[in-house]
Amino acid sequence: MYETSKSAQRQQSQLRLLQSQQELEVGNIHDLPLPADELMNANEHSSFVVQTLKGGLTAYVYKIQAQGKYWCLKQKRDEILVKNIDGQTSFLNEIQRRQDFERLKKDSAKGHHYRNIIDTIYASNNRGIIVSPWMEGGHIQKNNRHLIESLFETIYYMEIEGIFELDYCPGNLLVNNNDIVLFDFGYMYRFDPLVDYNPDGKSNPVFHSAERYESRFYFQYLMDLEEEAGKAQAMKEFEEEKGIVLKMYKKKLGWLQAHRAEQAVIDFTKHFIDLWELGLRSAEGLEKVYALESFRSYVIDLTDDLHGQSCTPSTLKKADKILTTLHTNYDFLKENQAFFWGDETLEQAALIEKYTQNQALAQQYQLPA
Ligand SMILES: Nc1ncnc2c1ncn2[C@@H]1O[C@H](COP(=O)(O)OP(=O)(O)O)[C@@H](O)[C@H]1O
Ligand SMILES: [Mg+2]
């Protein structure tokens, strides 16, 4: 998506691995609930398939029943439908992360930190299957303190092990017994937490874990909440979320300092801590953070949806909000360095023109309802 040398390097080594057809296995094939052949050849008509999940551009996803239990089977597509490199390598990438997590889960000192990460029964790149236990529940809809806390605790322990998730969309966040479960690792990459901001190294300072969660899910949730329950309720929940995230970033800062991280990484983390601490001190301050971060997330999400030509009525609402803010609050945005990815070089009129065009494109790329 945002080509940079670090992600280009990762892509190259993954492509080489794919071409070499070297096997990558996680777990033990004998732990599978059904013979591997049957799982490799499963389709929606197989007797043990109880549900075929929608979506799945890189894999077919099935809920299966065997040995008195439910399991999730992810099966690599012969032809992956996402035509960019990250899409092409996402199945392999998911197996690589499952390898990381199985190693961490087995570590007696650390294992419990990864309890919100799905277990892998067995995964094989050459056989093209990944099998996990089936988690009852469903995608995240509402938020509560416990869910956000458990998510960010998990993120903390992922990050200090050098694992960074890009896509916290609701379809990738399951809630099982009021606990978050992470289970889709197609866009979860390695990074060096002492040197890099994220898997793009230092070249894309826009991405950090709170931003990823907020851009892919939380600001959409708050935007809907503003409509359903009013701005005051949205602000109340935003304040709670910021408090939780602030705590996690402070803990991360302590870890970075203790492990002698590069100063730039320490400053990067401190920057958010300072911003949120100030924001949480007054209603006015919080309004300001809300305005800045919602603007950022709307821009990122709109860019994403246009890139994938996958727009919805929410994309249009975001485009609308971006334009309104550009018209009425440009000076505030400029003063607070709210522009990025080239927008920082544009003046107000040019920005309005750009986002008017983007709004038209979002109209053109509406997915069928
Ligand atoms: N272990 C699981 N338990 C329950 N549901 C799952 C599990 N794994 C995947 N799913 C469901 O299948 C959907 C698609 O799976 P996911 O791993 O996100 O694949 P994709 O690459 O298609 O995004 C998820 O949104 C979720 O609803
Ligand atoms: Mg997914």
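Structure above, values below:
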quantity	calculated
Gyration tensor (Cα) of the chain, equivalent ellipsoid semi-axes in angstrom	35, 24, 21
Fraction in percent of alpha-carbon pairs per bin - 10 Å, region 19-155	11, 37, 37, 14, 1
Mean separation of Cα contacts under 8 Å, 6 or more apart, over the residue count of region 170-364: relative contact order %	17
Label-reachable residues, region 315-331, where backbone N falls under 17 Å from a point 7 Å from Lys288's Cα toward its Cβ	329-331
Region 184-252: Cα Rg divided by the 2.2 N^0.38 Å rule of thumb	1.33
Fraction in percent of alpha-carbon pairs per bin - 5 Å, region 283-369	3, 15, 26, 25, 16, 9, 4, 1, 0
Charge dipole (debye, nearest 20) of the chain; +1 at Cβ of Lys and Arg, -1 at Cβ of Asp and Glu	680
Shape call, region 170-364: gyration tensor on alpha carbons, a/c limit 1.5	rounded
Rounded if a/c under 1.5, otherwise prolate or oblate - region 1-91, Cα gyration tensor axes	prolate
Extension gain from Thr303 to Gln9, taking 0.36 nm per residue of separation minus the Cα-Cα distance	103.5 nm
Asp184, Asp100, ranked by accessible area, largest first (probe 1.4 Å)	Asp184, Asp100
For region 21-36 versus region 275-341, the gap between their alpha-carbon centres in whole angstrom	45
Sites Ile352 and Asn144, calculated FRET efficiency, Cβ-Cβ separation with R0 35 Å, nearest 0.05	0.35
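The values are calculated or read from the model by the stated rules, or taken from the named source; none is laboratory data. This is a predicted model, so every value here is computed, not measured. Don't worry about glycine lacking a Cβ; one is built from the backbone with ideal geometry, like all the others, and counts go over all protein chains shown. Side chains are part of the model used for accessible areas, which takes the heavy atoms of the whole protein and leaves out ligands, DNA and RNA. Shrake-Rupley method; radii C 1.70, N 1.55, O 1.52, S 1.80 Å.
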